[in-house]
Amino acid sequence: MTASNNVLGGMSPEEFLRDYWHKKPLLIRGAIADVGPHVDFSVLAQLAQRDDAESRLIENRNGKWHLERGPFRASRFRKLPDTDWTILVQGVNHHLSHIDEILWRFNFIPYSRLDDLMISYAPPGGTVGPHFDAYDVFLLQVGGKKRWQISAQHDDDFIEDAPIRVLKDFRVEQEFVLEHGDMLYLPPKCAHYGVALEPGMTYSIGFRAPPAQELATQFLVYLQDRVCLDGVYADPDLKRQADPARISDEMIDQVSALLSKISWNKDTVCDFLGHYLTEPKSHVFYDAPEEDLDEDEFAERVADSGLVLDRKSQILFCDACVYCNGEKLAATPDDFALWQAFANQRKLKPSSFGADMLATLYDGYQAGYWHFAEV
Ligand code: SIN
Ligand code: CO
């Protein structure tokens, strides 16, 4: 683990989780100042032109909200006024290694909950309006100054015809001006309103919180591919019905009994979560390696340099199963400790691996899920 408690201003992760996480806001002055090269407007404008990065431009013109979604043409950014707009790019951690490194400083939260690092840039007056989010977020100020107002209000009355969710009646309870390195943690549903005072960026470390309905739907999709029931509907004792159009009680009972054979247990839910939580977002693709090595050449290189997970890859495990990028990996019990280390540290030390592990590592290397670490 990295010295993750640094990002909490000296507070231990245990104390943060006990007193603040999912409960109440926390302002941390000087949380993270060493962020490497700033991802400023020019970098974001480049990323916002790519189709493998989700981007948005939000403007407030004469009191009216405007939303445009990327990918953008470069010319779009030449027409922007001096004030009152925000450009936001999701998942910057996938594109820039020093941003990925910031995300993993939050490894005191399980990886199954970490989502991405979004970056916004705003000139003075830039804002996305007062709103709340359904998930926990850390808002890190990078360069410039932003005024954040927050409120524990519980209404969800949003402006009706706006293209983004903006609260109609925002009642300020606390206000902070964030400067470079300051960070504000907000639990889900905490209303917030950030307005740039000086041009600068907000790095949002966001967490995933799947809605119950989505979990249920995705679980049913998962089950659909795996349910296997024997038999066929049968009614050897069928009696003539007075109403031939009626679905009889006998039919309902027989189908109920049949459906009650659909069952699941903790292993099923673990397997579902392993697939679901590691499934890459739809615009994420992996690049096959440039070097076309055979398995023996691969084995030599791994023994020399070890491996690092691709920035877009996620390995999670539960019980004795290991999942990567929406797939269950062939991991034997003998190799499980190594897979756990790879998942937790996102890198694997140089070593000569056994035949089973080597075969799975070679497949993942060819798929672009991981790469050789730099020696
Ligand atoms: C911003 O970066 O200005 C908005 C982030 C948020 O409110 O979640
Ligand atoms: Co928000």
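Values quoted throughout were computed directly from the atomic coordinates according to the rules given, and no laboratory measurement underlies them. Just so you know, these numbers come straight off a predicted model, no measurement behind them. Cβ atoms come from the backbone with ideal geometry, glycine included; neighbour counts cover every protein chain shown.
Here are some notes:
- Counting the residues of the range 102-137 that are surrounded by fewer than 20 Cβ atoms within 10 Å (Cβ to Cβ), away from ligand 2 (no atom under 16 Å from the Cβ) and of a type in the set (A, V, I, L, M) gives 2.
- Leading residue by the ranking (nearest to the chain's Cα centre (by Cα)) among those in the range 114-144 that are within 9 Å of ligand 1 (Cβ to nearest atom) and among the polar types (S, T, N, Q): 120
- Residue 190, sole failed condition from (1) within 11 Å of ligand 1 (Cβ to nearest atom); (2) under 22 Å from residue 107 (Cβ atoms): (2)
- Restricting 159, 205 to those that are in contact with a strand residue (DSSP E or B) (Cβ under 9 Å, 6 or more places away or on another chain) and within 13 Å of ligand 2 (Cβ to nearest atom) reduces the list to 205.
- Unmet requirement for residue 193, which otherwise passes all of (1) of a type outside the set (Asp, Glu); (2) in contact (Cβ under 8 Å) with a residue 12 or more places away in the chain; (3) away from ligand 2 (no atom under 13 Å from the Cβ); (4) surrounded by 13 or more Cβ atoms within 10 Å (Cβ to Cβ): (3)
- Every condition in (1) within 12 Å of ligand 2 (Cβ to nearest atom); (2) in contact with an Asp or Glu (Cβ under 8 Å, 6 or more places away or on another chain) is met by residue 184 except one, and the failing one is (2).
- Every test in (1) within 14 Å of ligand 1 (Cβ to nearest atom); (2) out of contact with any Ser or Thr (no Cβ under 9 Å at 6 or more places or on another chain) is passed by residue 251 save one, and that test is (1).
- Selection over the range 35-70 of residues that are in contact with a helix residue (DSSP H, G or I) (Cβ under 9 Å, 6 or more places away or on another chain) and part of a loop (DSSP other than H, G, I, E, B) gives a count of 9.
Rundown of residues vs (1) surrounded by 15 or more Cβ atoms within 10 Å (Cβ to Cβ); (2) farther than 21 Å from residue 312 by Cα, yes/no style:
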residue	(1), (2)
16	yes, yes
19	no, yes
27	yes, yes
36	no, no
40	yes, yes
50	yes, no
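- Some residue of the range 124-133 being in contact with a strand residue (DSSP E or B) (Cβ under 8 Å, 6 or more places away or on another chain), part of a strand (DSSP E or B) and over 19 Å from residue 313 (Cβ atoms): yes
- The set of residues from the range 266-284 being in contact (Cβ under 8 Å) with a residue 24 or more places away in the chain and within 15 Å of the chain's Cα centre (by Cα) comprises 273, 274, 275, 276, 277, 278, 279, 280, 281, 283, 284.
- Candidates 211, 199, filtered to the one that is away from ligand 2 (no atom under 16 Å from the Cβ), more than 26 Å from the chain's Cα centre (by Cα) and not hydrophobic (A, V, I, L, M, F, W, C): 199
- Any hit, the range 37-53, residues being more than 21 Å from residue 280 (Cα to Cα), within 16 Å of ligand 1 (Cβ to nearest atom) and of a type in the set (Gly, Ala, Ser): yes
- Among residues of the range 162-186 that are farther than 15 Å from residue 201 by Cβ and assigned to a strand (DSSP E or B), none has a beta-carbon under 6 Å from a residue that is away from ligand 1 (no atom under 15 Å from the Cβ) and among the β-branched types (Val, Ile, Thr) at least six positions away or on a different chain.
- Taken over the range 330-356, the residue count meeting the criterion of being assigned to a loop (DSSP other than H, G, I, E, B) and under 21 Å from the mean Cα position of the chain (by Cα) is 1.
- Residue check, residue 217 β-branched (Val, Ile, Thr), out of contact with any His (no Cβ under 9 Å at 6 or more places or on another chain) and touching a residue at least 40 places away in the same chain (Cβ under 8 Å): no
- Consider the range 162-177 and keep the residues that are surrounded by 15 or more Cβ atoms within 10 Å (Cβ to Cβ) and away from ligand 2 (no atom under 14 Å from the Cβ). The one that is farthest from residue 124 (Cα to Cα) is 162.
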